[in-house]
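The values are calculated or read from the model by the stated rules, or taken from the named source; none is laboratory data. Nothing here was measured: the structure is a model prediction, and the numbers come from that model. Here the Cβ positions follow ideal geometry from the backbone for every residue, glycine too, while neighbour counts run over all protein chains shown. Remember, those area values only see protein heavy atoms, side chains included, never the ligands or the DNA or RNA. Shrake-Rupley method; radii C 1.70, N 1.55, O 1.52, S 1.80 Å.
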Amino acid sequence: MTQKKIVIGNMKMNPVSVVEFERYLDMLGKEMKKNDFEKTELVICPPEVYLTKLVDEKISGVKSGVQDIFWEHQGAFTGEVSAAMVKSLGAGFCIVGHSERRKYFGENGEIISLKLKAILKSGLTAVLCIGESMEERKREQTSGVIKKQLKEAFDGIAPGRLEHIVVAYEPIWAVGTDKLPTSDEILEVKIIIKKSLAEMYPAKSIEKVRLLYGGSVKSNLVEQTCLDPAMDGVLVGRESLMPYEIVKIAKIIDGN
Ligand code: PGA
């Protein structure tokens with residue numbers, strides 16, 4: 001069975017009130033009533049405080065996820081939330097390794113690997129973000145950076161777990177900027193990711209890892225960022241704050 005395509009909305013730290021989030025859910029529900037995806041999963045990752053609202057809304061065709069977890073299961077870790085807690089609320093996905101977490105919260109390869117393991121152990125699907133900076137790209141270090149990030153994250157992960165990992169290629173310079181790589185540049189990185197995984201795992205298990213593109217995705221850019229380089233879906237930031245837009249993106253991908 002071929003795996004479904006996947007469109008993930010990363011709402012980041014938005015919106016700022018529960019009232020606005022309820023309005024968002026209302027609009028999303030209306031958009032989804034008009035659409036029925038066959039080959040595509042739509043996942044929304046709101047701030048954790050709104051997760052229950054999303055789960056309880058039970059919008060047909062919409063799955064839920066979070067943007068981060070702490071790697072320990074439970075205990076004296078003030079302010080933190082574990083993957084098991086999120087799973088128990090009904091979430092199915094968790095983003096890990098996002099460039100904003102690497103930048104603002106000092107998350108390195110070791111931390112990302114711990115979080116990835118905790119996510120998989122809890123039964124959630126992990127959405128691992130990797131990507132190079134513009135400086136690294138200019139210095140032709142993209143391949144090395146991607147390889148290193150994958151090696152660090154996948155350290156100690158058994159092949160049987162791979163079907164629960166989605167890898168999102170998010171060039172740091174394309175996140176939140178409106179700058180975009182060409183389809184060929186995305187395709188080149190897709191090949192680098194496949195080759196790096198092939199150095200670690202048997203071919204059969206690698207097939208199960210879905211590869212997404214993320215960074216300034218909009219509905220009119222789905223062809224360039226997803227369809228042309230034959231990615232398995234997209235990770236969407238800003239545009240996911242507009243239900244009409246994220247559903248439109250999923251619709252385009254589902255129809256291809
Ligand atoms: P963007 O964010 O779509 O706003 O560029 C993407 C992301 O951070 O996942």
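Of note:
- Residue among 121, 147 that alone is open to solvent by 50 Å² or more (accessible area, probe 1.4 Å), assigned to a helix (DSSP H, G or I), in contact with an Asp or Glu (Cβ under 9 Å, 6 or more places away or on another chain) and within 21 Å of residue 163 (Cα to Cα): 147
- Selection from segment 177-195 of residues that are open to solvent by less than 10 Å² (accessible area, probe 1.4 Å), more than 13 Å from the ligand (Cβ to nearest atom) and over 22 Å from residue 119 (Cα atoms): 186, 189
- Per the conditions (1) outside any helix (DSSP H, G or I); (2) open to solvent by 30 Å² or more (accessible area, probe 1.4 Å); (3) over 16 Å from residue 127 (Cα atoms), the sole criterion not satisfied by residue 63 is (3).
- Members of segment 198-256 that are within 16 Å of the ligand (Cβ to nearest atom), open to solvent by less than 30 Å² (accessible area, probe 1.4 Å), among the hydrophobic types (A, V, I, L, M, F, W, C) and not in a helix (DSSP H, G or I): 211, 212, 217, 231, 234, 235, 236
- Of all the criteria given as (1) among the hydrophobic types (A, V, I, L, M, F, W, C); (2) away from the ligand (no atom under 16 Å from the Cβ); (3) under 24 Å from residue 84 (Cα atoms); (4) under 19 Å from the mean Cα position of the chain (by Cα), the one not satisfied by residue 146 is (3).
- Number of positions in segment 92-110 that are buried (at least 18 other Cβ atoms within 10 Å of the Cβ) and either aromatic (Phe, Trp, Tyr) or more than 16 Å from the ligand (Cβ to nearest atom) (or both): 1
- Only one of 16, 7, 86 that is touching a strand residue (DSSP E or B) at 6+ places or on another chain (Cβ under 6 Å) and either under 16 Å from residue 243 (Cα atoms) or outside any helix (DSSP H, G or I) (or both): 7
- Scanning segment 124-144 for residues that are over 25 Å from residue 73 (Cβ atoms) and outside any helix (DSSP H, G or I) yields 130, 131, 132, 133, 139, 140, 141.
- Count - residues of segment 23-46 that are in a loop (DSSP other than H, G, I, E, B) and open to solvent by 20 Å² or more (accessible area, probe 1.4 Å): 6
- Contact map, segment 1-23: residues that are over 24 Å from residue 39 (Cβ atoms) paired with residues that are within 16 Å of the ligand (Cβ to nearest atom) and open to solvent by 60 Å² or more (accessible area, probe 1.4 Å), Cβ distance under 6 Å, separation 6+ or inter-chain. Pairs shown: 14/241.
- Among the residues of segment 3-14, those identified as in contact with a Lys or Arg (Cβ under 8 Å, 6 or more places away or on another chain) and open to solvent by 30 Å² or more (accessible area, probe 1.4 Å) are 3, 4, 5.
- Annotation: of all residues in segment 161-176 being touching a helix residue (DSSP H, G or I) at 6+ places or on another chain (Cβ under 7 Å) and away from the ligand (no atom under 16 Å from the Cβ), the one that is nearest to residue 8 (Cα to Cα) is 164.
- Test: residue in segment 84-91 that is without any contact (Cβ under 8 Å) to a residue 24 or more places away in the chain, under 28 Å from residue 58 (Cα atoms) and open to solvent by 60 Å² or more (accessible area, probe 1.4 Å): yes
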